[in-house]
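The values are calculated or read from the model by the stated rules, or taken from the named source; none is laboratory data. Being a predicted model, the structure only gives us computed values, none of them experimental. Please note: Cβ atoms are built from the backbone with ideal geometry, for glycine as well, and neighbour counts cover all protein chains shown. Surface accessibility is based on the protein's heavy atoms, side chains included, excluding ligands, DNA and RNA. Shrake-Rupley method; radii C 1.70, N 1.55, O 1.52, S 1.80 Å.
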Amino acid sequence: MNIGFKLNIYTAVTILLMACTDNQNSNTITYSKVDQTNKKVDSLIKIMTLKEKIGQMNQYNGFWDATGPVPEGGDAEKKYEHLKNGLVGSMLSVRGTKAVKAVQKIVVEESRLGIPLIIGFDVIHGYKTLSPIPLAEAASWDLEAIEKSAQVAADEASAAGINWTFAPMVDISRDPRWGRVMEGAGEDPYLGSKIATARVKGFQGDDLSAVNTIAACAKHFAAYGFSEAGKEYNTVDIGYSTLHNIVLPPFKAAVNADVKTLMNAFNEYDGVPATGNTYLLRDILKNKWDFKGFVISDWASIKEMVVWGYAKDRRDAAKLAAIAGSDMDMESHAYINELEQLVLDGIIDEAIIDEAVRRILTVKFELGLFDDPYRYCDEAREKDVINNPKHKDAVLDMAKKSIVLLKNENNLLPLNKKGMNLVLIGALADEDNSPLGSWRIASKDHTAVSVLEGMQQYEGNNLVYKKGADVSIGDTEFTNELKINTADKSDFKEAVDAASMADVVVMVLGEHGFQSGEGRSRTDIDLPGVQQELLEEVYKVNKNIVLVLNNGRPLTINWADEHIPAIVEAWQLGTQSGHAIAEVLYGDYNPSGKLPMTFPRNIGQIPIYYNHKNTGRPVSDTKNPNLVFWSHYSDSESTPLYPFGHGLSYTTFEYKNLKLDKDVYNSDENINITVDITNTGKVTGKEVVQLYIRDLAASISRPVKELKGFKLTELQAGETKTIHFILNKDGLGFYNNQGDFILEPGTFKIFVGGSSYTALDAQFELQ
Ligand code: NOJ
């Protein structure tokens, strides 16, 4: 039997003996790969001391790149001792083959059992070559492209010694004040689930032991995206229906896609911190969903349970987290210091420790780390793979697919390629750093293609660049140094003068990449600083403005929507940002992105999302001033500025002939839906055809619309295609407040169109 274990000789011999003994007892049985791994893990656990087992549950940060508050006093010395003594199961933020090999060597060669480390890192949207931020990728609704993007990230990260990413973030959020919306897939559980699956598949591939795949981590379990008032790390207070129907589905999808790990959230749920939440971790994740991987805490989230006022002290926190089912401790130093005594005192059953260790070792075996702990440390591969030109092509493709055309009056876009005077304005237009976003810890600063550079590739026009106004940087990476928004208007005049002579003005405005992301919640999501004023000043002299937005979250751009003829949502698009934007502006790429998150008109509307409840007093005529006792605002429209799913193209599409194959269905029947879509414009274009349902009466009231299917399809000018959707009980059912999925008979409406403001509807009965 090849046990594939070449490490510490003592361990190897022991496992071999145990595995062989078992085999002799059952010589007619052939073991599956899973069984073999289980046997190896069991054998290893049997020879581990309690201390060594707890060591596997301990994760330390590397010696640089802290992505959370660094424990006071620093303890590099202690970390080294612990590595040598087999008291560390994982390191995070150690990167590069040399560094990874060095830490791996300490545990493999110096610790008693030589159990390799699993090396984690925040590979969020690429490693060195960066894709668009995840929210932008979600706007592509292109699952194949998203999977490919995660594959590229895994390829580069694995070549740098990393074998585990803390991604995808699958938190659903309805609050753009929360800076981390940039890291997720937006507001919808169906789209979020599809994207979670694509990302897990992209990172993990079909074979986790392949050298170019890495373990994924669905985070943050659970409900972190519902932090009250969008304030980072805040309390969460949502009901069970929202938990089960909105928050949990993407996690469930990730588990179904065999995600190897999950990460706790910083928030509490219903008064219990997620890290110590037995209901979430044991009842739902490990029992109901039968999750086989392991759960890592978030950075220091175990000891923060004391600060929450849930645990008395660090010992209590370690106890509560371990019992609840958190398997590995990221930088709380709680498990390594407290668990042994808790077991010796009989407060924690050693079986809980064994279970956690079993989960952790299983993933290490599956990654092939026991076959060769240095398998991700091949310097030649590192040189070859990182920044490989193929990756640039892949992230450029993803960047183009992520762009959303929000508005395009009088076909101001695409721009003519020749003979025009163009003026490009905005500090962000000349930015080679901001498009990399705030999660770029391995990538080199200032390596993005700026919009200016991208547009300079097109030489037929006269292009002039003027900064106009600076953009604030916000919290810089990993410091709390808040840069005050600049109020400097001294460059306005030059920009306005230049704009007055232009045929078309392209203005790149929005947020700097460091203004969204973790720890970057905002109470004002207008264009930061004096950018709005600049926009209005330029508009006074030239109305032919194309506004290109750079941002990590929906912004409130009501004025721009009322006045500016063309608006392009270009997020933070990563390394190839400027090339992608220029190709879209010049029409070499016809945009097809759709918003994964609603754009509010003003901050007071938040949370605003398409799949809301009807209320008992819905307003049908939103503009009627005589309505008082109805669900509305008296000082603002209730509708969003741009709804979920919205996005235009340089061509137009018409939807017709929505048909169901029957009027009445049994609960186990497929519902076949067809719709015709025609490209009614002059150029080839892609459209995301969206299917929504509404369950008109149910034991728990259902949203006015729920996305249940989408198809990305390309049509030549004049072409018509029939799109086919199948709905079944998975799409028509919902979770009750006990978390059970149920299907109820009744009347359902369906809606089809190019956004959540759908074009066509029909109805059927389910009996
Ligand atoms: C805290 C973040 O919440 C989490 O998403 C991240 O993976 C860890 N820090 C590690 O950097």
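A few comments on the model shown:
- The per residue volume of the convex hull around the alpha-carbon atoms of the stretch 84-211 is 113 Å³.
- Local net charge near I246, Cβ-Cβ under 11 Å (Lys/Arg +1, Asp/Glu -1): -3
- Percent of Cα-Cα distances greater than 17 Å, calculated over the stretch 363-490: 76 percent
- Net charge of neighbours whose Cβ lies under 13 Å from the Cβ of F492, counting Lys and Arg as +1 and Asp and Glu as -1: -3
- Antiparallel bridge percentage (DSSP; both residues within the chain; nearest 5): 55 percent
- Packing, taken as the mean count of other beta carbons within 10 Å per residue, orders the peptides 729-740, 358-369, 199-210 from highest to lowest as 358-369, 199-210, 729-740.
- The C-alpha atoms of the chain define a longest principal axis, and helix 389-402 lies at about 50 degrees to it.
- Helix-derived mean residue ellipticity, 222 nm - over the chain, DSSP H n ≥ 4, -39500 (n - 2.57), to 500: -8000 deg cm²/dmol
- Unit Cα scatterers, Debye sum, the stretch 556-636: log10 I(q)/I(0) for q = 0.16, 0.26 Å⁻¹: -0.83, -1.39
- Calculated diffusion of the stretch 561-715, Stokes-Einstein form, Kirkwood radius summed over Cα pairs, 25 °C and 0.890 mPa s, µm²/s: 130 µm²/s
- Per-peptide average of other Cβ atoms within 10 Å, ordering 512-520, 322-330, 646-654 highest first: 322-330, 512-520, 646-654
- Average accessible surface for the chain: 37 Å² per residue, computed with a 1.4 Å probe over protein heavy atoms with every protein chain in place.
- Other residues within the sphere of radius under 11 Å centred on the Cβ of G731, judged by their own Cβ, net out at -1 (K and R +1, D and E -1).
- Angle of helix 314-324 to the longest C-alpha principal axis of the chain, folded into 0 to 90 degrees and rounded to 10: 80°.
- The convex hull around the C-alpha trace of the stretch 289-425, projected and averaged over every direction, spans 17.2 square nanometres.
- Computed over the stretch 646-748, Kirkwood Rh from alpha-carbon pairs, angstrom: 15.4 Å
- Kirkwood hydrodynamic radius over Cα pairs of the chain, then Stokes diffusion coefficient at 4 °C and 1.567 mPa s, in µm²/s: 47 µm²/s
- Using the average count of surrounding beta-carbon atoms within 10 Å as a protection proxy, the listed peptides 215-227, 87-99 rank, highest first, as 215-227, 87-99.
- For the stretch 163-306, Kirkwood radius (reciprocal of mean inverse C-alpha pair distance, Å): 14.9 Å
- Degrees, to the nearest 10: 350-366 long Cα axis against longest axis of the chain: 60 degrees
- Surface composition of the chain: carbon and sulfur make up 48 percent of the accessible area, probe 1.4 Å.
- Cubic angstrom per residue, convex hull over Cα atoms of the stretch 307-381: 123 Å³
- Over the chain, relative contact order from alpha-carbon pairs under 8 Å, at least 6 apart, %: 13 percent
- Between amide H atoms placed 1.01 Å from N, distances below 5 Å from H220 occur with V170, D171, all of them 5 or more places distant or on a separate chain.
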